[in-house]
Each structure stands twice: as C-alpha cells, then as structure tokens.
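What follows is a short report on a single structure.
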Amino acid sequence: MNNSSTVRRLPMTVLGVFFLAVMIFPVYWMVNSSLQDSSGATTRDFFPINATLTGYAKAISEQGQNFVTSLLIALGTVLLTLVIATPAAYGLSRFRSRGLNVFLLVLLITQMVPAIVIANALYPLFNNLFLLNNIFGLILANTAAGIPFAVLLIRAFMGSIPRALVEAAMVDGAGALRAFVSIVVPISRNAIVTAALFTFLSAWSDFLFALTLTSTPEVRPITLGIYDYISANTQDWSAVMATAVLASIPAALLLIFAQRYIAAGAVSGAVK
Amino acid sequence: MRTAQKRTGRAPKVAVAAAALILPATLTACGGAAASGTESPNTLTVQDYLDPSRDPLYQACAKEVGVTLVISHVAGPGLIRKVLQQSSSRTLPDVLMLDNPDVQQIAESGALSPLSDYGIRGEGMLPAVVKAGTYAGKLYGLAPAVNTLSIFYNKEMFRAAGITTPPKTWDDLRANAKRLTTQDRYGFAMSTINTYEGTWQFLPFMWGNGGTEQDITTEETVQAVQFLVDLQNDGSMSKSSLIWSQDDVIDQFIAGKAAMVVNGPWQIPALQEQRDVQWGAFTIPTRLPTQTTVAPLGGEVYTVPRTADRAKMAKAGRFVQCLVSPEQQLQTAKVAQNVPTTPAVAEQAGRSNPALAPFVTTVQNARSRTALLGPDWPKAATKIYNAVQLALTGKAAPAEALRLAQGD
Amino acid sequence: MTSANLSLPAAAGGRRKIARMRLLRRATPWLFCLPAIVFVAMFFGYPIVQNVVMGFQEYTTSTFYSGEAPWVGLSNYATILSSYLFTTTLVNTALFTVGSIVFQFVIGLALALFFKRNFPLSGFLRSLLLLPWLLPLIASSAVWKWLLDQESGALNQFLGLFGVPAVPWLVDPTLALIGVIGVNIWLGIPFNVAILYSGLQAVPKLLYEAGSLDGAVGWKAFRHITWPNIRPVVSVVIVLGVVYTLKVVDIILGLTGGGPANSTQTLATDAYNASFVEFNFGEGAAISNILIVVSLVFALVYLYISRREPNE
C-alpha cells in the first residue's frame, strides 16, 4: 500500500473513529465513573477532574482471585465447547438426513429456552453430583449453554466447504476422522476462531450460572464479585465500575488479538 | 437389508434420547442432603442478605450459646431463590434471616420450625412484629429491630421558605411542597417504582387514610392515589419517581434536588456522613388531622428452618433467642440504625439517638404487610404498584387504575 | 473354476465388509455429533420437559419444600391469556424484537461493510467495536440509566445544546420502550458486526475481480455478489438474533424493570416476574412456554430457508 492511498483513506479512519466514539461513549462513561467518587448518581462530571483511584484499589485488592476464577472457567469452556461443537457442526453441514435435521431443530430450540429455566433445573442435578461451588461444574454448565450456538455458527461457515476437497482426501485413504482433522478444521479456522471468541465472551460474562451454582467466596467469578459492592444499603459505584473496567480488559485484549485471525478469507485459497 | 439397517439406525438414537432424559431426572431426584452435614455438630450455618457489619452481632450470640458460625451473605434479590433451592435439596441453613413479608410463604411451605419449640414467644415485643412472624397461629420468626417510613426534610430550605412547623395533613404537605419547589429542585420526592419498594412507599398514604389491601378499589385508596397525582400535577414531585428506588430518592435529597423525601432510618448513616444538607425528620402526614400515621413494618426476622438435625435446631433456637434479646436489640439498632422491637428498648434507643425519634414513634403504630393477606400479599403488592404507576403515567384516572389493577 | 471356488467365500466376506462400511458411513455423521447430542440432551432435555410440565401445575414456594404441585391443567394459560396485560405484553414483545433486529442488522451490516475496506487502524477500531458486548450487564444498565436520566443524564444535556427540552426517556411509557429498544440495539450491534464481517471476509475476492470486469461495482456488486454469498450467515444472524432478543430480560429489568406501568414488559420479563418476584412458577413456566412456541415458529422458518440453500 503506497503512501498516497494511505493518505486518501485517512478520512475513512476519521469516520471510523467517529462511529467508534458514538458506540463506545457509554464505555467511556463507565471509565469516567470508575475514577470518580461514588456518592450519588447525580453528581457525576463529564470529565474525571478530581480523579481518584480508590475504586481501582479496592477492585484490584479484592477481586484478584475472582479474576483468575473467571479466566479458568472461560478458557475451560472454550476448549471443551470447541472440541465438542466442531465435529458436530461438520456432521450437520456435510450430511443430510431427517434425524440430523431434527437434531438441528433441537439445537435451535435449546436457544429459545430462557437461561434461568436451565440454571434452576441444573441446581438439583449439580447438587447431587457434587458439582456445586466447583470450577469444573461451571465449565460444564457454560459449555452446555455454549455448544448449540457454536455448532450453529460453525456449521453456517462449513456449508461453503466444497465436497471435492474432503472426498479427495478420502480417496487418498484417509478415514473420515482424519479428513476432518487435517482438512476441514484448518479450513474452518475463521469460523472456529469466531466461535471461540463468542464462547469465551459468553462464559466470561456469565452471571446466571455463577449465581445459581455457587455460594462460596472461593469459587466466585468476577461477574458475581461485582455484586459485593451493591448490597442492600450501600452502593459503591466507583468500585463497581472499576471492577467492570478491569473485567473488560482481558476480553478486549482477546478481541484485538483474535480479529487478526478472522481477517484472511478461508476457502478461496484451498480450492486452488 | 435396508430395514435391518433402519432398525439398528433408529434404536441407538432412541436409547440415547431416553437415557439422556432419564439420567438427569434420576440424578436430580435421588441424593438430597449431598452438600450439607459436613460441619461439626457445634457449628451453625447462618444465612442472610445483610453486609458483614452484622457479623459481630452474630458472633456475640455465638459466644453466648457456645457454637461457631459459618456465615453466608447472599446478594439481596437472590436470597429467596437460594432458599427455595435449598428447600428442595433439603440443605437449608440452621439460622435463616428473611425479610418479614416473606415469612408467610416460607412458613406455609413447611420449611420452618415454630419458635415455640424453643420457648420463644415474643413477650414484650410489638404486637405487629409478632404478627408479622406468625403463620396459622404459630410464631416462626422474630426481628430484633425493625424500621418504617417517615419524611426527611431539608432544614435550610424550610427556613428559607418560612415554614416553621412540619406539615400535619395532606393539604399542608401539598402546600409546603409547592412552596418549596423552585427551578432547581422539587418540593417532594418519593419512590413509586414498579417493584415492592414502590408499594412499600405508597402504603403509609393508603393505610393512613384507612385503605385496605383486601380491596384496593375503595374510596380511601383512591384518595391516596389522587393525592400523589395531585403532587405530580402541581409540579412538586418529579415524574422520575416512577423509576427511582429509595436510594435514588435519598441521592436526590443529598444533592439538594428535593426538599422532602419519604425514606427510612437505614439512610441515617449516609445522611450523617454528608455535609451538604442539614436534615431532620417528621412523621408522614395524614389526610385528616384526626387520623394516625400507619406506616408499614420493615425489617428482617430470624427463623429456624427444619433440618434433619434436632440437636442443631435446638441450638439454633437458643441462638435466635439471643439475637432478639433486649441487649442484642439495642446493639442491632445501633449497627443497622433501626428501631428495637421491644417498646421500652425502643424508647431508650430513641433517647440516645434523636435522629431516630420520629421512626420510633411511627413504629409503635406500624402494621405488618402480611397481617391481612398472609402468603397472598405479593399478589396484592403487585396490583398496588401497577395501579399507582397507571395513575401517575396518566394512563388511567386513579379510580379506574385501581379497578384495572385489581382485575377480575 | 478355481477362481469361482475361491471367489465365493471372498464374495461373502466382501459383502459383509461392504455392509459394515455402509453402516459406518451411515453412522459417521452421528458419531461426529454424539458428544454434542449427549450434552444437549442432558443439560437441556430435562429442563425443557420440566418447564412444559410446570406450565400445567400450581407450583409455588410451598412446592419446593413439600414437593406437591397440584395439576391444574390449562388454568395457568387461561389466567395469562385473559389478563388485561397480555395484549400489552405481546405488542411490546413484537415491537421490541422487530425494532431491535431491524436496526441491529442494518447498522451492523453497514459497519461491517465499512470496516471491510482496509484503512489505517481499521483492524483496531473494528475490534474495539465489540466492547459494548463484553461489559457486565449490571454495569451497562447502570450507565445507561444515568445517561438517559431525565434531569442530569448526558444524553439530555447533549440534546439541550441544540435547544431540545429534557426528554423523559425512561419515565414516559412510550419513550421508555423506545429507550429500551435503543439500548438493546446498542448491545446487539457488536454481535451482528462480528459475524457479518466474518461472513463478508469469506466471500472470495476472485468473485469481485471477475464481477468488476463485467462492470458490477458498488451497489451492483453488493446485490449480485456479496448478498447471495453471505445469505447463510445472514440467516444465522437474523434467526439467532430473533431468538435471543425474545429472551432478553437483563437489560430491560436493569433499565426499567418492565415499567413504567408495564410499558416495557415483554413476555420474557413477565415470565421472570411471575416466577421470581411473585413466586408463581406455574404461571411463569406457562409464559415462557408461550415464548418458546413463538421462537419455534421462527426456527421452522430458518430450517426451511437453509434447506433451500444452494450447496456448491
């Protein structure tokens, strides 16, 4: 890209920054509030002139462990979800049968059920399996919740993989599984990364399962940790916002990192 | 050949589906006390939605009874859900705190044990408090300290407007509110939000005038709703009261944007901390000077759930008895800024804390929300806040709004 | 002769081998799907069945302890359908869903198309666009409540610069619905942008190059090249979008709690209220069953569309 084309595209950058500014103004407000004193909602200034870091100090000192818990849960969920969902997406995209269509419909139906119905039904189940107050329990719950979406998403992208590719591999003697692992998965990298992104973000911001399936401070994701600052009589908004800002950072980093992988087109290269 | 394949094809699918449905069902059904029973016999589990400032009170009683405690503070709105889950999995805590209007429903389910089993009868306590914790003639929960509603007012604003005595009737209140309303502030603020909090704030006006929750379409309740509509139409009360919680209302007061607010004594710590407003409190006015202020009874009670361990339940009973003893009442009142439930102790608290005085007076005549309807109170509460909102948004006139909300 | 003798047992073995291979081929897709099927059945099957059954029972706080939930047949459904609020709730749900999806999708697609062009910082800006989606909902709803506050909210102060009087965003019944839809659109744009962008990236550049030779650029290129190729992704985004929007509870509860005067009450928030505020779980389950049926109609539409897709 030569200099003149870069310069010519600068107005687009300006426009892009403008769109972004409008979209993330509330995020700015969140950061703004985190730096101001937590007295009443009515006394917040536009700019944090008298910036104070007490909210952050509190958040960092008290929420450290919750942070790690959230991270473990989110990463575990992504791993487990992808391992289960990618083959299922392939199965559904490549083959057609009435039974598989029923399964597809079932997957869609699972997305229609309000999360709270699921969470409440899981409580007695987990109680009997000793999965309450347990990181693995939350990983399982989040995985179960994330599988249908991951399958549907990846399947939509896999639909454009030419049959010729896979069949060529199988003619060469590879079994269906090997063809899947060595051909389909690399080609679907785009879709898999996108699904991983959404799964991570969902698990990271899950509040309902955490609320229902845990009750001890040892296993408390950061979404629950925020509630420490909102009790019946006191609302420490600066700490709440500081925690929210800190909680957004890993997700934001992940986003920036993952976008690079979604950049390249997938299938076009492989056909050649 | 093909039929054979079809049969083998279908059977595993059906088997998988059946197993997958039956398996979780059985796992859910059997089991039960899987998570509890791991503490020593001398440890009690205490569950509430309060903050850790109450812990010293619990520990004091724990020492007296000779037990150790495992305290669990659940975030407010999640407490009842947790209690329900624990009910079904039989993992209820040994001592359970409940918001007083919730006692009826939980007691009705059979999850609580009567306090009379432990010799607790609530002697010397306010009759309304005892009534709040009683279901089907048996006492299930008692509160060490309770609260209610009064009006906080801005002393400087009153002085500036030349108001020397607090309003005693609705007409006085309306006139004062109008006088106090300026470009930058409203004369009056309260919460009419669409939750039980909004209902709670409306009750002093409804009950003070003689309205009843058994039939909200009576003239007395209509007048109460009309009064709020009048205040709003005068411009003395902001339309935002529809979305304000009680905390939002106090924020408005502290920021100097409202001259009079309806609120409770738990706000006193926040009020004492700030330096911008000089404040006082007075009892909520009634429509006629002959009526008495009847405000709702707020506060949390302690109960002893039915668990499998009778010995622990007995210890829990002694623990609760300690929590509601006069000394503990005084301590609780200090920590929570509430009013002790034994009138003599309440008077003492009122003397040592003058800010509490109007609340002490109002509590003596306070009424429990579940007194008339018992476990059916939540339905009525919903109808009340729906009606108030219908009227304040102008969707229906007060009488019509109440009729619509009451339904059938 | 010898070959015929030899071939007979070989043929029999061969036939068995072919049969086994055919079985394996039939079973392959199921084997790929098996872990997912087990997970879904275990974690969704039971709750769904329980919810359907609960809709026919009188399930209250007592049930949790005593286990008794008397069968009341269709009485819960009758109560819901005859309530004065049912029409309002239904209309609100429709407005909320249609309003959210239309704008989320259109704005999302526009932004995705915009960011597809390579300009300095495009990657960075694009990734930051997803920020709204990863904020804890309690923080976002609190912030929006402040921004939309009638007296001191930033939005009204901004509008005030142009002489617009204070707008009662969350207080006036009509405006509250618009406000809530607006915030939901804000929340949903990142989801749409991310997926649509991925879909746009998957369209082979060859097609555009070939098309431009024929004079298909700009709007024509979009209509004849881009749109047909992103159709599968678009249908996923829209159908899932509808299904998820129908379920939305948190943001509405955080902003208005369903009020004022039930003007932002949708089927989902009503179900939540019935179950977890009034503890009438039977009614709550019935309302959520109605919600699931509405979603189901859309899902059937999706299956129909995806079956007709060209499979190149």
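Looking only at the range B:370-408, residues that are surrounded by fewer than 17 Cβ atoms within 10 Å (Cβ to Cβ), part of a helix (DSSP H, G or I) and more than 9 Å from every other protein chain (Cβ to nearest Cβ) come to 5 in all.
The condition of being small (Gly, Ala, Ser), open to solvent by 30 Å² or more (accessible area, probe 1.4 Å) and either modelled with pLDDT of 95 or more or part of a loop (DSSP other than H, G, I, E, B) (or both) holds for B:Ala308. Of the residues in the range A:174-188, at least one is at pLDDT 75 or above and among the polar types (S, T, N, Q). For the range C:120-133, the set of residues classified as free of Cβ contacts under 8 Å to residues at least 40 places away in the same chain and of a type outside the set (Phe, Trp, Tyr) consists of C:Pro120, C:Leu121, C:Ser122, C:Gly123, C:Leu125, C:Ser127, C:Leu128, listed by residue number.
Among the residues of the range B:82-125, write down those that are under 16 Å from the mean Cα position of the chain (by Cα) and among the charged types (D, E, K, R). Selection gives B:Asp99, B:Asp102.
Pick from C:Ala261, C:Ala221, C:Ala216, C:Ala202: which is within 14 Å of chain B (Cβ to nearest Cβ) and open to solvent by less than 40 Å² (accessible area, probe 1.4 Å)?
That would be C:Ala261, the only listed residue that is within 14 Å of chain B (Cβ to nearest Cβ) and open to solvent by less than 40 Å² (accessible area, probe 1.4 Å).
Answer yes or no as to whether B:Pro265 is open to solvent by less than 10 Å² (accessible area, probe 1.4 Å) and modelled with pLDDT under 95. Spelling it out, B:Pro265 is indeed open to solvent by less than 10 Å² (accessible area, probe 1.4 Å) and modelled with pLDDT under 95. Applying the condition of being of a type in the set (Phe, Trp, Tyr) and part of a loop (DSSP other than H, G, I, E, B) to the range C:128-175 and asking which residue is surrounded by the fewest Cβ atoms within 10 Å (Cβ to Cβ) yields C:Phe162. One residue stands out in the range B:268-297 among those that are assigned to a loop (DSSP other than H, G, I, E, B) and among the hydrophobic types (A, V, I, L, M, F, W, C): the one that is surrounded by the fewest Cβ atoms within 10 Å (Cβ to Cβ), namely B:Leu288. On the stretch given as the range A:136-150, residues that are of a type in the set (Val, Ile, Thr) and touching a Phe, Trp or Tyr at 6+ places or on another chain (Cβ under 9 Å) total 2.
Looking across A:Phe95, A:Phe18, one residue alone is more than 30 Å from C:Tyr46 (Cβ to Cβ) and free of Cβ contacts under 8 Å to residues at least 12 places away in the same chain. It is A:Phe18.
If only residues of the range B:187-201 that are among the small types (Gly, Ala, Ser) and over 11 Å from B:Asn263 (Cβ atoms) are counted, the one that is farthest from the other protein chains (Cβ to nearest Cβ) is B:Gly187. The requirement of being more than 29 Å from B:Ala75 (Cα to Cα) and hydroxyl-bearing (Ser, Thr, Tyr) is satisfied by C:Ser122. Among the conditions (1) of a type outside the set (Asp, Glu); (2) within 26 Å of A:Asp228 (Cα to Cα); (3) at pLDDT below 85, A:Val31 misses just one, which is (3). With respect to the conditions (1) open to solvent by less than 10 Å² (accessible area, probe 1.4 Å); (2) over 21 Å from B:Thr169 (Cβ atoms), B:Ala189 lacks only one, and its number is (2).
The values are calculated or read from the model by the stated rules, or taken from the named source; none is laboratory data. Please read all numbers here as calculations on a predicted model, not as lab measurements. Reconstructed Cβ throughout: ideal geometry from the backbone, glycine too, with neighbour counts over all protein chains shown. Only protein heavy atoms, including side chains, enter the accessible area calculation; ligands, DNA and RNA are left aside. Shrake-Rupley method; radii C 1.70, N 1.55, O 1.52, S 1.80 Å.
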